[in-house]
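The block underneath contains the structure these notes are about, expressed in structure tokens.
The values are calculated or read from the model by the stated rules, or taken from the named source; none is laboratory data. As the structure is a computational prediction, the values presented were derived from the model and not from experiment. Cβ coordinates were reconstructed from backbone atoms using ideal geometry, including for glycine residues, and neighbour counts include every protein chain displayed. Each accessible area value is taken on the protein alone, full model and side chains, heavy atoms only, with ligands, DNA and RNA left out. Shrake-Rupley method; radii C 1.70, N 1.55, O 1.52, S 1.80 Å.
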Amino acid sequence: MARPVANVSAMGVAKTSFSPLAVRGPSWDGRFTVLILFLPPALLLFTLFVVLPIGEAAWYSGFNWNGFGKPTNWIGFDNYRFVLETRAFWLALRNNGLIIAVSLAVQLPLALTLALMLAERFRGAVALRMLFFMPYILAEIATGLIFSFVYDGDYGLVASIWRSFGAEPPHLLASTDTAMLAVLIVVVWKYFGFHMMLFIAALQGLDKSLIEAARIDGATRSQALRHVVIPLLYPTIRLSVFFAIVGSLQLFDLVMPLTRGGPADSSNTMVSFLYNNGISRMRVGYGSAIGVILFAICVTFAFTYKRWFMRDE
Amino acid sequence: MRLLGKLGLAAAACLLLASAAAADTTVKWLHIEVNPAQVKIWEEVARAYEASHPGVKVEMQFLENEAYKAKLPTILQSKDRPNIIYSWAGGVLKAQIEAGVLDDITDQVKGYSDSLTPAALAAFTSNGRVYGLPTALSQVGFLCNKELMAKAKVDPAGIKNWDDLLAAVKALKAAGVTPIVVGGADKWPLHFYWTHLAVRIGGKAAFEAALRGEDGGFAGETFQKAGELFKQLVDLQPFQNGFLGFKNPQAVGYFGDGKAAMTLAISTVYHLQRALAADKVGLSDDKICWFDFPVVAGGKGAPTDTLGGITGWLTTKGSPKEAVDFLKYFVSKEVQTRLAAGNFIIPVVQGADAGLNNSFMKLIAANLAKSNYHQDFYDQSLGPSVGRVVNDVTAEIAGGSMSPQEAAKAIEAARKQGN
């Protein structure tokens, strides 16, 4: 398929550094020396900070352990059984699914639309881009705090809007029906700017001659968009989808200041569920089991996605 | 020669410095207190101790309540752990003792420990060995706003049993007053209802039987009934709008602002509501009232039984002996009297309650003295894994997402899984 010539997205960078086919080294000998020199430190760090902690979590997940002293009470796979029997875990899983769905169905289209509008050079384009990108710069924890004030049913912005219509304001974060919705709105608000920036970068790297050629051939603006621009953006869209899904699976630091997963576990994500059980309750074995399950889901997704959708990236 | 002399001088200076450093002992003291007035007194106590004990330095460290609970296991296993840590006794203390991360201070406090209220010391004793010193007691009960109660023509002194409370809630609602404020997002303020009902219904015997797994454990009749009565209250919708989204400090402030008639709270809230009220003034003593948690018809618990906290300090494994020495000084009659006079604590050192100069604090001290069964908060006494489930399920009953029977079963399931 057609690939943008000067793709400046992260994808382009990834291609040159990881794909062996893309980089042709001068000779096997030279590459071997590089391998000998650079692989051991990387491998060591990877083992220390990635493989060992994961292995440790898997090991702990076999114990009924509260984090004090050494784990001794081996219970095999019981922790996994307990996790899968917990209603709150399935709720958390469902919520992660919801976040993914909203990210894909609302956030990315919104980001793409804005990117198409703002990629062109006009007065104020840069200012608008920065404005939309701003939420992404803000720390998650601060965002959560700010929105917990915005949503406050007594003093918040939402409450005053509601009152201006003469209605009794709702406490969005305090109801099992609306808490998750409130979290989802913040998720979209916080991250659409990031995807928009990715799309803008990709759009600016597009080969303009292809679009011009299409226009000369008689394509309307929307036809050129549909048949030329969007297909040229596919690599970036695929990357965006990947980021959105992995980010959604790991969502935690927005949820804690907003709802801490409540009320009644209705807005837990898998990570906040892990934290509430593994850390707050000091059920380290149980928490480790949740962590391993989450890790398995993420890895399975990442590899499958890479295999199916990003094969030729 | 001159060079040698200089070198010698430098070496001597180094040695002197090193030996001076070796003579110094630092006692690291980790606390969670947020009241600046109280921390100020603690600082003064620490400096006074340093002045009378040359070579000892007391270093205060602070962690916020929830962060402290979350980090505790890691902190205790670190080489750089603090020497003195805060404790609510109960299940967490038991786990710490079993893991061997605490110092047994029985011998060091021999003789001295007789000056402490026996029940308070017992909370920090396990198998006859002392692992910490208590510092304060508290009682859970209803704080009320006299003006709002009068507006609905409810006499707080007349609320003696559960039905009286339900009637009071109805009267307050009819008068257009929010009956009760609660910090439901923190969950534990809601567990007071369920726990105190269980204390009233089953008394000490039921709790101890449940701990042993007898009579159906926490799925037994007492605890189901506690949930059912709590549900009766919840069904009247007594709480402020959006109570499940309120954190405890917010709720306390709300009460201090005079926006709700009652709050079921720890006795310390009597003073805390001033600091957390929007105007930092809160309710003055003449506007605030108190009544004990109502009794339940046919309940086995005595009306004098109390629910509350027993808090204190532990010394971690391998701490210098100065740590215990400082604790003994901190929990001495002199310091306790001073803290009592500031209305910060109900003291645990015998005789220190003479310092109490506020009628409310005196009342609580008298209540605790009368109590034959002082139940430590369930979320503390049952340990983190079961206690937090108690918090969860009470919040779920309040939110209507769990039935009292399911709640009782969930706690029993957690007890069986245990840790």
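Annotations
- Built amide H within the under 5 Å cut-off of residue B:161, gap 5+: B:295
- Compactness relative to 2.2 N^0.38 Å, alpha carbon Rg of the stretch B:261-390: 1.24
- Chain A, Cα convex hull volume normalised per residue, Å³: 191 Å³
- DSSP loop chymotrypsin sites (Phe, Trp or Tyr not before Pro) with at most 12 other Cβ within 10 Å excluded, longest remaining stretch of chain A: A:166-313
- Whole-Hz couplings from phi, Karplus 6.51/-1.76/1.60, listed for the stretch B:373-379; x for Gly and Pro: 9, 9, 8, 5, 2, 4, 5
- Springs join every pair of Cα atoms under 10 Å in this Gaussian network model of chain A, and among A:58, A:105, A:174 the largest mean-square fluctuation is at A:105.
- Share of carbon and sulfur in the accessible heavy-atom surface of the stretch B:15-165 [1.4 Å probe, %]: 57 percent
- In loop segments of the stretch A:68-165 as defined by DSSP, the GluC sites (Glu not before Pro) with at most 15 further C-beta atoms inside 10 Å of their C-beta are A:120.
- Range in chain A, longest, excluding exposed trypsin sites (Lys or Arg not before Pro) [loop by DSSP; at most 15 other beta-carbon atoms within 10 Å]: A:124-310
- A cut-off of 5 Å between modelled amide H atoms, ignoring neighbours fewer than 5 places along the same chain, links residue B:102 with B:317.
- List A:236, A:304, ordered by accessible area with a 1.4 Å probe, largest first: A:304, A:236
- For residue B:25, the residues whose amide H sits under 5 Å from its own are B:56, B:57, ignoring neighbours fewer than 5 places away on the same chain, with H placed 1.01 Å from N.
- Loss of accessible area when B meets A, both sides summed, Å² nearest 100, probe 1.4 Å: 2400 Å²
- Sequentially through the stretch A:158-171, phi angles give Karplus couplings (6.51, -1.76, 1.60; θ = phi - 60°) of 4, 5, 6, 4, 4, 5, 5, 8, x, 10, 6, x, x, 9 Hz, Gly and Pro residues having no value and appearing as x.
- At most 15 other Cβ within 10 Å, DSSP loop - trypsin sites (Lys or Arg not before Pro), the stretch B:35-87: B:79
- Of the trypsin sites (Lys or Arg not before Pro) found in the stretch B:99-206, those that fall in a DSSP loop while having at most 14 other beta-carbon atoms within 10 Å are B:110, B:153, B:160.
- Prolate/oblate/rounded call for the stretch B:283-336, Cα gyration tensor, a/c under 1.5 rounded: oblate
- For the stretch B:63-129 versus the stretch A:123-163, the gap between their alpha-carbon centres in whole angstrom: 44 Å
- Just so you know, the averaged projected area of the alpha carbon convex hull for the stretch B:121-228 sits at 9.5 nm².
- Most mobile listed residue (B:347, B:54, B:238) in chain B, GNM with C-alpha springs under 10 Å: B:54
- Shown here is the pair-distance distribution of the protein assembly as shown: with all Cα-Cα distances grouped in 10 Å bins from zero up to the longest one, the shares run 2, 12, 19, 21, 18, 12, 9, 5, 2, 0, 0 percent.
- Considering only B:126, B:332, B:78, the mean-square fluctuation computed in a Gaussian network model of chain B, springs between alpha carbons under 10 angstrom, is largest for B:78.
- 1.4 Å probe, heavy atoms, protein only - residues of the stretch A:123-172 losing at least 50 Å² accessible area vs chain alone: A:171
- The translational diffusion coefficient of chain B, from Stokes-Einstein at 25 °C and 0.890 mPa s with a Kirkwood hydrodynamic radius over alpha carbon pairs, comes to 107 µm²/s.
- Using the Karplus relation 6.51 cos²θ - 1.76 cosθ + 1.60 with θ = phi - 60°, the per-residue 3J(HN,Hα) values for the stretch B:208-217 come to 5, 5, 5, 4, 7, x, 7, 6, x, x Hz, with x marking Gly and Pro.
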